[in-house]
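For reference, the structure is listed below as structure tokens.
What follows draws every value from the coordinates through simple rules; no lab data is involved. Treat the numbers as computed from the prediction; the structure is a model and nothing was measured. For neighbour counting, all protein chains shown are included, and Cβ atoms are generated from backbone atoms with ideal geometry for every residue, glycine included.
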């Protein structure tokens, strides 16, 4: 039985890790870390856990925690994990960090986009970017897994095969993405109040959203060169979900655009055997309602021959595949378990 500690267990992503691990036959949570609710019963914070979780919330003492568990999930704001981790801890325990602290390989890029000093740059090179479908061979031997964000998981997986196969020019890539309000976290913010969000949709972080360099870095690896994209996130009045609509110029070969069959073959090459990536039939496009509460990513595409561009679309649940589900998937890889253990959840509708 894998012993699990969670730092940030009372945030939305942390609570989702708890929910998923309640159905995991090989994992046991022994530490519900929450600086805001120390000594309060976890089920008093989340009443859906009444008579399911009897434990009280503990602090974020990673030193003590590392001696009691096999893996630590840090579902915390940027900067906290990096401020806590050290070599002694990493000798004892695996860390799956849901913040951005170890996602970017260039410290200066991290500090520029997140506006904070990185407290543990010595561990950046060894940290593995935990996008399971792409990096599982590297993940299995990692001490630190940098769990990708929700926007980035959806944006990268939707375009990755076409970038990797050279079917699109990645420097023409434009990503417009919608997120449910839970993506902003559980903290009280005026902009996230019901009356502020309901019956409205809005862009934010225009031309400067901090997930931009993460998408560029990972798709740059696929392209074999540095790339620059446009990424614009939007807030939508829904609890959960990411919907990314992406546009790029197709690369002609012998003066001809790639066909829909060639595009589908590229997706099949990378995702045919991936349980959690579902490439939809021609003419069908993703909807957030069909992936809600699940670890699935749905992907669709349409070639626009008139403009020589392709429209790629992806949808996922921002709290599951975009956060906690992917974190559990990473844990399964780290410990040699069935990758889908605890995650074989049918999407919930309505």
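Rounded if a/c is under 1.5, else prolate if a/b beats b/c, else oblate: with a ≥ b ≥ c from the C-alpha gyration tensor eigenvalues square-rooted, which is the range 2-126?
Working: a/c = 2.16, a/b = 1.72, b/c = 1.25.
Note, shape of the range 2-126 comes out prolate.
Is it possible to state the helix-based mean residue ellipticity at 222 nm for the chain, with each DSSP H run of 4+ residues giving -39500 (n - 2.57), the sum divided by total residues, to the nearest 500 deg cm²/dmol? What is it? Mind dumping the intermediate values first?
Values: 12 runs with 99 residues, N = 350.
It comes out at -7500 deg cm²/dmol, rounded to the nearest 500.
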message: Roughly how far apart, in whole Å, are the Cα centres of the range 153-219 and the range 316-341?
response: 20 Å
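Report the gain in length on full extension from residue 52 to residue 290: 0.36 nm times residue separation, minus Cα-Cα distance, nm rounded to one decimal.
Values: separation 238, 0.36 × 238 = 85.68 nm, distance 2.75 nm.
This chain segment gains 82.9 nm when fully extended.
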- line: With a Förster distance of 51 angstrom and the Cβ-Cβ distance between residue 304 and residue 195, calculated FRET efficiency to the nearest 0.05 equals 0.85
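Taking the convex hull of the alpha carbon atoms in the range 250-350, what volume per residue do you get, in Å³? Display every interim value, and only then the final one.
Numbers: hull volume 11.8 nm³, N = 101.
It comes to 117 Å³ per residue, whole-number rounded.
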- prompt: Taking springs between alpha-carbon atoms closer than 10 angstrom, which of 221, 42, 151 fluctuates most in the Gaussian network model of the chain?
  reply: 221
- request: Would you mind getting me the FRET efficiency between residue 43 and residue 116? Use the beta-carbon distance for r and R0 = 25 Å, nearest 0.05.
  value: 0.15
message: At a 10 Å Cβ-Cβ cut-off, how would you order 294, 155, 36, fewest neighbours first?
response: 36, 294, 155
- prompt: For the range 2-126, what's the relative contact order in percent, using C-alpha pairs closer than 8 Å and at least 6 residues apart?
  reply: 23 percent
- prompt: When only Cα pairs under 8 Å and 6 or more residues apart are kept, what is the percent relative contact order across the range 151-318?
  reply: 30 percent
- line: Under the 7 Å Cα-to-Cβ spin-label approximation, residue 30 and residue 105 lie apart by a distance in nanometres of 3.6 nm
- prompt: Taking Cα centroids, how far is the range 90-133 from the range 259-285 in Å?
  reply: 31 Å
query: Just 46, 271, 110 to compare: in a GNM of the chain, with alpha carbon springs under 10 Å, which one fluctuates most?
result: 46
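Given an 8 Å cut-off on Cα distances and at least 6 residues of separation, report the relative contact order of the chain as a percent. Walk me through the intermediate numbers first.
Details: 776 pairs, mean separation 60.4, N = 350.
Relative contact order of the chain: 17 percent.
What FRET efficiency comes out for residue 232 versus residue 340 if R0 is 41 angstrom and r is the Cβ-Cβ distance? Round to the nearest 0.05. Before the final figure, lay out each step's value.
Values: r = 33 Å, r/R0 = 0.80.
According to the calculation, E is roughly 0.80.
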query: Which residue fluctuates the most in the chain, going by a Gaussian network model with Cα springs under 10 Å, if the choices are 23, 220, 283?
result: 283
- line: Zone reached by a paramagnetic label modelled 7 Å from residue 253 Cα along Cα→Cβ, restricted to the range 143-180 with backbone N below 18 Å, covers 160-170
